[in-house]
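**Q** First, the structure itself, so that you have it in front of you.
The values are calculated or read from the model by the stated rules, or taken from the named source; none is laboratory data. These numbers come from a predicted model, not from an experiment. Every residue, glycine as well, gets a Cβ built from its backbone with ideal geometry; the counts of neighbours run over all protein chains shown.
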Amino acid sequence: MTEILHRADLKTLWLLGRPVGHSLSPLIQNTALSHLGLGIVYLAAPVEAEGFESAVRGLLALGALGANVTVPYKEEAFRLCDSVSERANAMGACNVLSFVDGKIHGDNTDGSGWLRGLEEELGCDFPKRALVLGAGGAARAVVHSLLQRQVCEIVIFNRTQERAEQLADELAGGSHRLNTAGYEQLEGHLSEGCLVVQTTSAGLDGVASPFPNLKSWPEGAFLSELIYGRETPFFTVVKTLGGRGQDGLPMLVEQAAESLSIWLGRPLEEIPSKLMLQTARREVAARFLPELER
Ligand code: ATR
């Protein structure tokens, strides 16, 4: 790794957000970049709100290849772009910026990354019904991908019902059904083989979980959690009831792999996503397990 820093022709990729100190992206991306043997490094920079636009334009001026953008700047990144992909347009947010010919192109790999991580786990046995918990930016990416995947029945649950309805209205189209409900109705909507996607950080802030105390978990239903590193109270309940699920690491890795494929102009199959996931899993175990054992 140090030898690469001696190169005068070094190219750079960046992560911009606030905070970024905890991020696994530099580890995941640099693992892939060194595996591919490229003279490119990936660096994380914490950016204050008033400096975000200058940071992006500075990277463009410095000849960086691109940047990932994370919380809380994905919407601002979208507004700064000269052009955006169709899916970024549907999200109104970008997590990938590419600097090409002095212009900023924006894309969004959050939804597609989430979907690939899930398909990898479920194989061709993809659910036909999905219950999405939350109605923020992450839920938007998930619902958009579910619609692309032709999941025909989707229910969006949220603490603030109007937000769920707004999301359903914005994304509805074609023959797809987008319904909304409150968390108290969750148990009644669970069905055999359905997919439940938990997109909120509820229960991790010490405040009581807003989800009802489930008495059972249906046969073959699968929980996709977007959180990684810490098990949410909801995931613990589902496991206790004998349910299966996946944390947010596959999504993190897959959105990163697709970002890399965009910047490098290489097909996704050439990006070592399995190695990236193994590395991320090891790091999470090293970082978070000692905390849990304390
Ligand atoms: P993100 O982009 O990560 O989805 P967001 O746009 O701020 O972040 O959305 C956060 C989501 O988590 C929302 O669905 C929010 O519910 P509200 O719309 O009702 O605010 C949900 N959320 C966050 N903390 C929550 C809590 N303690 N209980 C219930 N829902 C919570």
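**Q** Keeping to the stretch 112-146, report how many residues are within 17 Å of Gln198 (Cβ to Cβ) and of a type in the set (D, E, K, R).
**A** The qualifying residues number 3.
**Q** Tell me, yes or no, whether the stretch 76-83 has at least one residue that is out of contact with any strand residue (DSSP E or B) (no Cβ under 9 Å at 6 or more places or on another chain) and either crowded, with 18+ Cβ neighbours inside 10 Å or not charged (D, E, K, R) (or both).
**A** no
**Q** Name the single residue that is farthest from the ligand (Cβ to nearest atom) among those in the stretch 227-251 being under 21 Å from Ile156 (Cα atoms) and part of a loop (DSSP other than H, G, I, E, B). Lay out the reasoning, then the answer.
**A** If we filter the stretch 227-251 for residues that are under 21 Å from Ile156 (Cα atoms), which is where we start, we get 227, 232-235, 237-238, 243-248, 251.
With part of a loop (DSSP other than H, G, I, E, B) added as a condition, the list becomes 227, 232, 243, 247-248.
Values: Ile227: 10, Thr232: 11, Gly243: 20, Asp247: 15, Gly248: 11 Å.
Restricting to residues being under 21 Å from Ile156 (Cα atoms) and part of a loop (DSSP other than H, G, I, E, B), the top hit is Gly243.
**Q** While we're on this one: Which of (1) at positive phi; (2) free of Cβ contacts under 8 Å to residues at least 12 places away in the same chain is the odd one out, the single condition Gly229 does not satisfy?
**A** Failed condition: (2).
**Q** So, one more: Look through the stretch 197-226, keep the residues that are at pLDDT 95 or above and under 16 Å from the mean Cα position of the chain (by Cα), and return whichever of them is nearest to the ligand (Cβ to nearest atom).
**A** The selected residue is Thr200.
**Q** For the stretch 8-24, what are the residues that are surrounded by 11 or more Cβ atoms within 10 Å (Cβ to Cβ) and closer than 16 Å to Leu65 by Cα?
**A** Leu10, Lys11, Thr12, Leu13, Trp14, Leu15, Leu16, listed by residue number.
**Q** May I ask you to list the residues in the stretch 35-65 that are in a helix (DSSP H, G or I) and either of a type in the set (Asp, Glu) or loosely packed, with under 15 Cβ neighbours inside 10 Å (or both)?
**A** Pass one, the stretch 35-65, residues in a helix (DSSP H, G or I): 35-36, 49-62.
Answer for the stretch 35-65, where residues must be in a helix (DSSP H, G or I) and either of a type in the set (Asp, Glu) or loosely packed, with under 15 Cβ neighbours inside 10 Å (or both): His35, Leu36, Ala49, Glu50, Gly51, Glu53, Ser54, Arg57, Gly58, Ala61, Leu62.
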